[in-house]
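Notes for the one structure printed next.
The values are calculated or read from the model by the stated rules, or taken from the named source; none is laboratory data. Small disclaimer: the values here were computed from a predicted structure and weren't measured. With ideal geometry, Cβ positions are generated from the backbone for all residues, glycine too; neighbour counts draw on all protein chains shown.
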């Protein structure tokens, strides 16, 4: 660690260095914290969320009033709103995370070197995690809980629109940490809502080990351009389903419909459907009827439009677009290579799926498609940590290094080498 | 992948975008390459290095002549020099890497979700790796071999002082790739020796997935400050050995001497020795005699100097310094906590070791010390991929995310999720 000297306020206008120094100190204690203390903190947190429901709703009401005064969109107000039900869900989520096994300290299989020394790797916290997010106050609790459970210290930077709610929530987190005998600075919130503070956070390499932004693509792309601290980030999900020549067409129909319509706004929603020419005439008119009934607008290549006259012509812009809306682009391809070429050219390495009963095609697709998740006979909308069995999810990563795809507790940890010997020496 | 449109030369002055586009294309082929083709390429490379020894030595002589004309240091000329022996070592290394198991395509254990879908992770290449290095021409072969074996495409940027040698070596790599039926663009070399090209490389996020710099701390720190492409980087190794109250003092003596004197210039060399007060008077005079005989200059805290009067006083600058030289700082501490505090304050999270026969102390140290490698009863100079059994090493990472510590083939790969179902749908 580089020297963490204190700075005059003039050089630390938002108090971020102070938070960073405190977080580093807390991280050292969290690293060695017992699993039961961390679980206890989360259970107390759950209790306090329920006990202080009235206060939380009052504070949230202040944020909602400002939001309405500032004419925020309905969608934003919806994300900002806490309710008895959402607070109960928060408490339930905390208890679930509390009950999960502690990832820290587990070691991999040990190998014995010829000189007798034992080599293994131990799972350890990342250190200090910075979370930058927008209006959802539930992120304050969810993100803090996952970071603390995995033995990290966390610095939270929520949106100004949720400041009253977040203030009440961070007080709960602090009280719970204290009750469990853990350092209160293991979870801190950035006091200012000045946007410049975010720019400082993403370059505080001495104090923050990883930044996890939660929010729209615009926010994340802007942060990524400035960041020198490594980020676990989620960019686009321009996901494809490819219906192979050897697909079971009933499955293919249901998978394509589910992939598009399960929820339009999620990153795992299918945005382009690729169909092998051999089965296009058998499957596309049937799919067109279902999508028409569900209000999904179709855009297609020339061959698609021959089979679905109602589809508008698709352009390169369609192949490139993550609609997050009831719109679907469709392209007919001559073989699996053309499908994989399309995905390589236009995909965002998020989640891709093939529908086929042919083992060779399934194997090739799963091996050769470069994406964080590659499916066989499943809709892309399964891209979710709970569906994968992670038990919790801090987000979905489109990074290639470290955590890729849905990120659970393990993604908030890293491995260190632990070697144990009995006085072996090198080169003698 | 974002659209890889070609640019006019004016916007690509060093031809790097062209290299990037070629590398992306080659990476897609490498991803699916058979292990035997990759091994074959490395074996042909080994054959060609031996067959073309005369040419390689001639080209190397040109570089050496320029180096002498430009009055490069003896150390630099030493690193630049190829010989019959170093070329034989290069060929041997290539054959060793060829014989290693292919890391690509291996999948983790599969879990079955309640709905019957199967979830696993598959080891896949990182994609395109950029290697930025200085005078050693053997890096051209070593780094390319490791990147190719792990299924990546590589863009090499060597130092201008080695350009003739590197040119001859990249020709060998290209011929070997072609002979094995692999794309020649899987290994490319940056043509220019303009330093600005390096600045462009580390920000080519669309074309390069990870940068691995090989060289001095100055080069790496400068690149890290500019880079937006993730880097697997090695910064400082300010490593400590802590001799506990319950150490076997014979082992402690030998471990401390080996840790310091195995080689002074390696990153795993011990730079500060911490000694528990209870054993200081028993071990320090003995160590002082050994170090004096080996010409290691000692600097110590006050208590150390009481026991070793010849030691100069150590200052904070000594605790902070990676000497890489026959100099050692020594501090007497009151307990393991003070030792771990010292390491947390001054260490660089590289390699730390405790000498003790006490299980509790060993367990605490290994769990609580935050470093990429934490040892019990071993000298820190074991920090090396071959010693860990990795079979090969591209470098040692001081990153926290992704690869930490010695990086072998596995560190040049990542895991993608592979899910296999039979038409399961979400939410129905």
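Results, tabulated for the structure shown:
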| read-out | value |
| --- | --- |
| Residue A:119, sole failed condition from (1) in a loop (DSSP other than H, G, I, E, B); (2) within 11 Å of another protein chain (Cβ to nearest Cβ) | (1) |
| Every residue from the stretch A:413-426 that is facing chain B (nearest Cβ under 7 Å) and part of a strand (DSSP E or B) | A:414, A:415, A:416, A:417, A:418, A:419, A:420 |
| Where residue A:367 falls short, out of the listed (1) at the interface with chain B (Cβ under 10 Å from one of its Cβ atoms); (2) surrounded by 22 or more Cβ atoms within 10 Å (Cβ to Cβ); (3) part of a helix (DSSP H, G or I) | (2) |
| Any hit, the stretch A:391-412, residues being within 10 Å of another protein chain (Cβ to nearest Cβ), modelled with pLDDT of 95 or more and part of a strand (DSSP E or B) | no |
| Criterion violated by residue A:341 - all others in (1) crowded, with 20+ Cβ neighbours inside 10 Å; (2) more than 30 Å from residue B:348 (Cα to Cα) satisfied | (1) |
| Residue within the stretch A:336-345 that is more than 9 Å from chain B (Cβ to nearest Cβ), assigned to a loop (DSSP other than H, G, I, E, B) and free of Cβ contacts under 8 Å to residues at least 40 places away in the same chain present | no |
| Search result, residues across the stretch B:377-386 that are surrounded by fewer than 22 Cβ atoms within 10 Å (Cβ to Cβ) and either in contact (Cβ under 8 Å) with a residue 40 or more places away in the chain or facing another protein chain (nearest Cβ under 7 Å) (or both) | B:384 |
| Extreme residue, nearest to the other protein chains (Cβ to nearest Cβ), among residues of the stretch B:296-320 that are touching a residue at least 40 places away in the same chain (Cβ under 8 Å) and touching a helix residue (DSSP H, G or I) at 6+ places or on another chain (Cβ under 9 Å) | B:320 |
| Selection status of residue B:60, more than 24 Å from the chain's Cα centre (by Cα), in contact (Cβ under 8 Å) with a residue 12 or more places away in the chain, assigned by TED's automatic domain parsing to the domain that holds residue B:138 and in a loop (DSSP other than H, G, I, E, B) | no |
| From A:191, A:151, A:218, residue being surrounded by fewer than 17 Cβ atoms within 10 Å (Cβ to Cβ) and farther than 23 Å from residue A:63 by Cα | A:218 |
| Condition broken by residue B:265, with the remaining ones in (1) modelled with pLDDT under 95; (2) crowded, with 24+ Cβ neighbours inside 10 Å satisfied | (2) |
| Residue B:406, sole failed condition from (1) over 24 Å from residue A:209 (Cβ atoms); (2) crowded, with 23+ Cβ neighbours inside 10 Å; (3) under 10 Å from the mean Cα position of the chain (by Cα) | (1) |
| Number of positions in the stretch B:179-238 that are more than 14 Å from chain A (Cβ to nearest Cβ), more than 12 Å from residue B:130 (Cβ to Cβ) and under 19 Å from the mean Cα position of the chain (by Cα) | 5 |
| Test: residue A:104 is within 12 Å of another protein chain (Cβ to nearest Cβ), over 30 Å from residue A:53 (Cβ atoms) and in a strand (DSSP E or B) | no |
| So residue B:166, is it surrounded by 24 or more Cβ atoms within 10 Å (Cβ to Cβ) and either without any contact (Cβ under 8 Å) to a residue 60 or more places away in the chain or not assigned by TED's automatic domain parsing to the domain that holds residue B:231 (or both) | yes |
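For every residue, the table says whether it meets (1) assigned to a loop (DSSP other than H, G, I, E, B); (2) crowded, with 22+ Cβ neighbours inside 10 Å; (3) modelled with pLDDT of 95 or more; (4) at positive phi.
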site	(1), (2), (3), (4)
A:178	no, no, yes, no
A:200	no, no, no, no
A:235	yes, no, no, no
A:240	no, yes, yes, no
